[in-house]
Amino acid sequence: MRPTAIKPMIPALALPLIGLAIPALAQDAEAPAATVEAVVEAVAPIVDKGDTTWMMISAILVMAMSIPGLALFYGGLVRAKNMLSVLMQVFTIFCVMSILWVCFGYSLAFTGAGSAEEATWLTPFIGGFSKAFLAGVDPSSLAETFTTNVYVPEYVFIIFQMAFACIAPALIVGATVERMKFQAVLAFVVIWFFFSYLPMAHMVWWWGGPSAYDAPGGFLFGHGDLDFAGGTVIHINAGVAGLVAALVVGPRLGYGKELMAPHNLPFTFLGGCLLWIGWFGFNAGSNMEATGTAAMAILNTTVATAAAALAWAFGEWLFRGHPSLLGGISGAIAGLVGITPAAGFVGPMGAIVIGLAAGFLCMWFVVSLKAKLGVDESLDVFGIHGIGGIVGAILTGVFAAPSLGGSGIYDYATESVAAGYDIAGQVMTQTLGVIVAVVWSAVVSFIALMIVKAVIGLRVSGNDERQGLDVTTHGENAYNS
């Protein structure tokens, strides 16, 4: 999701124009009062019901990605005795994060200094508490889109960003399924949410908006990092957290010795397809307006995902001798991840290349490299979201170039696409974003896990793990025959 800015009912830059217009009208005794109202109306913010509707639908699509999409995708991949534990983890995280978002998360991610004079050293890294518990927000509050003087209701923006905040920590649980305590999972993702997700969202997406483009912005936004819908904020961030968690928690009992095959691949396929459909809201909704760019994001999301699914399946066919359904749907998710940072910046041909690269490289990591590393990163959170996010973030810098069908970089000062796109320079900027996301998430995740380990403990007992978490943690079975 690209950044936005919360603005008053009449843009601040428009107020001087009104001040100049009113005295001029007052000089003409015949000027009716309606003329003054017409001037005010001319600078009033535009709130388009189509944009508003599209963003609300997109928010609902993103929520459907978590429950039921991600829950079913992960649930089908574990053994039958742990199916409900995964569903419960994803479901509960969604509930917890939605509350934390409206209480603290939105304010910390999307508020900050309005001018250079008000900024502090923390301004580029985290917001404040001025809108904690949604203070000052009501149905008349507006959020600016990416077109000057075009707005949506602020509640719509809050809801859309809440959906992102709910799915990001839920992704992490796939790395530690079948052996981590339920309370430990919840404690870890809460700490990670406050100290990794919110700072990354602020660093990448927070700025003053088109009517205040020269106001302070997030650290990575200020460096020119391009992340249309969350390649760094969500996928690299969560992927790295999953890898660190898998290393710290340790492998499942019997890992590498016992068969740990998915118990219900049709559930995984259904969940994966729900993720794909929901991802249209994830990517195209991030445009904040129902425009041609949103349509392009939908097209890019389709063709990149299709290319990645084929790349994984045919790569697996080449290396293993068979194309599997699990490989195909895993490739689709890799493509969705890869195109996320680029969805509104690249053309369809660039999207296909990104999808092919993400699908093949994620397949190589999961099928070949992960086994050599010996890490029980159970459901390939890092292998798909981490690797796919890195590939997509870096290739965004390549295919955003106008010469390769991309949109280039929009300059709000001139209200036009900046001339002289530098592919090498933008790739370096994208790499900076990747490095910051990897290091930030790794450090926060490790410290959070150490805290949880000391206070709660990370793993269930060996006996509970062998019986399965459905019965030992939640007191029920997924299947009763």
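Taking every residue in segment 440-453 that is in contact (Cβ under 8 Å) with a residue 60 or more places away in the chain and pairing it with any residue that is outside any helix (DSSP H, G or I) and surrounded by 16 or more Cβ atoms within 10 Å (Cβ to Cβ), at least 6 positions away or on another chain, the pairs with Cβ-Cβ distances below 7 Å are 449/458; 452/458. Residues of segment 395-415 that are open to solvent by 50 Å² or more (accessible area, probe 1.4 Å) and either part of a helix (DSSP H, G or I) or over 19 Å from residue 297 (Cα atoms) (or both): 402, 403, 404, 411, 413, 414, 415.
Of the residues making up segment 108-148, those that are exposed (fewer than 14 other Cβ atoms within 10 Å of the Cβ) and under 27 Å from residue 440 (Cβ atoms) are 115, 116, 118, 120, 121, 122, 129, 130, 133. Considering segment 255-297 alone, what residues qualify as being within 14 Å of residue 230 (Cα to Cα) and hydroxyl-bearing (Ser, Thr, Tyr)? Of everything in segment 255-297, just one residue is within 14 Å of residue 230 (Cα to Cα) and hydroxyl-bearing (Ser, Thr, Tyr), namely 286. The single condition among (1) open to solvent by 10 Å² or more (accessible area, probe 1.4 Å); (2) in contact (Cβ under 8 Å) with a residue 12 or more places away in the chain; (3) part of a loop (DSSP other than H, G, I, E, B) that residue 306 does not satisfy is (3). Being part of a helix (DSSP H, G or I), of a type in the set (S, T, N, Q) and open to solvent by less than 10 Å² (accessible area, probe 1.4 Å), is that true of even one residue in segment 189-207? Yes. Only one entry of 175, 168 meets the criterion of being buried (at least 21 other Cβ atoms within 10 Å of the Cβ), in contact with an Asp or Glu (Cβ under 7 Å, 6 or more places away or on another chain) and not hydroxyl-bearing (Ser, Thr, Tyr), and that entry is 175.
Can you give me the number of residues within segment 215-239 that are of a type outside the set (Gly, Ala, Ser) and under 17 Å from residue 333 (Cβ atoms)? Summing the residues that are of a type outside the set (Gly, Ala, Ser) and under 17 Å from residue 333 (Cβ atoms) in segment 215-239 gives 4. What about residue 332, is it in a helix (DSSP H, G or I), under 25 Å from residue 426 (Cα atoms) and in contact with a helix residue (DSSP H, G or I) (Cβ under 7 Å, 6 or more places away or on another chain)? No.
Does residue 363 meet the test of being open to solvent by 50 Å² or more (accessible area, probe 1.4 Å), of a type outside the set (D, E, K, R) and either part of a helix (DSSP H, G or I) or in contact (Cβ under 8 Å) with a residue 12 or more places away in the chain (or both)? No; evaluated as a whole, the condition is false for this residue. Selection within segment 55-86: residues that are open to solvent by 10 Å² or more (accessible area, probe 1.4 Å) and in contact with a His (Cβ under 7 Å, 6 or more places away or on another chain). The member of this set that is nearest to residue 173 (Cα to Cα) is 84.
Table: residues versus (1) open to solvent by less than 60 Å² (accessible area, probe 1.4 Å); (2) under 24 Å from the mean Cα position of the chain (by Cα).
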residue	(1), (2)
214	no, no
232	yes, yes
237	yes, yes
240	yes, yes
249	yes, no
255	no, no
258	no, no
270	no, yes
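Note on segment 427-473: residues that are assigned to a helix (DSSP H, G or I), over 26 Å from the mean Cα position of the chain (by Cα) and among the small types (Gly, Ala, Ser) amount to 2. Among the residues making up segment 276-294, those that are over 16 Å from residue 338 (Cβ atoms), assigned to a helix (DSSP H, G or I) and open to solvent by 40 Å² or more (accessible area, probe 1.4 Å) are 277, 292, 293.
The values are calculated or read from the model by the stated rules, or taken from the named source; none is laboratory data. None of these values were measured; they are calculated from a predicted model. No Cβ is skipped: glycine too gets one built from the backbone with ideal geometry, and neighbour counts run over all protein chains shown. These accessible areas exclude ligands, DNA and RNA; they are computed on the full protein's heavy atoms, side chains included. Shrake-Rupley method; radii C 1.70, N 1.55, O 1.52, S 1.80 Å.
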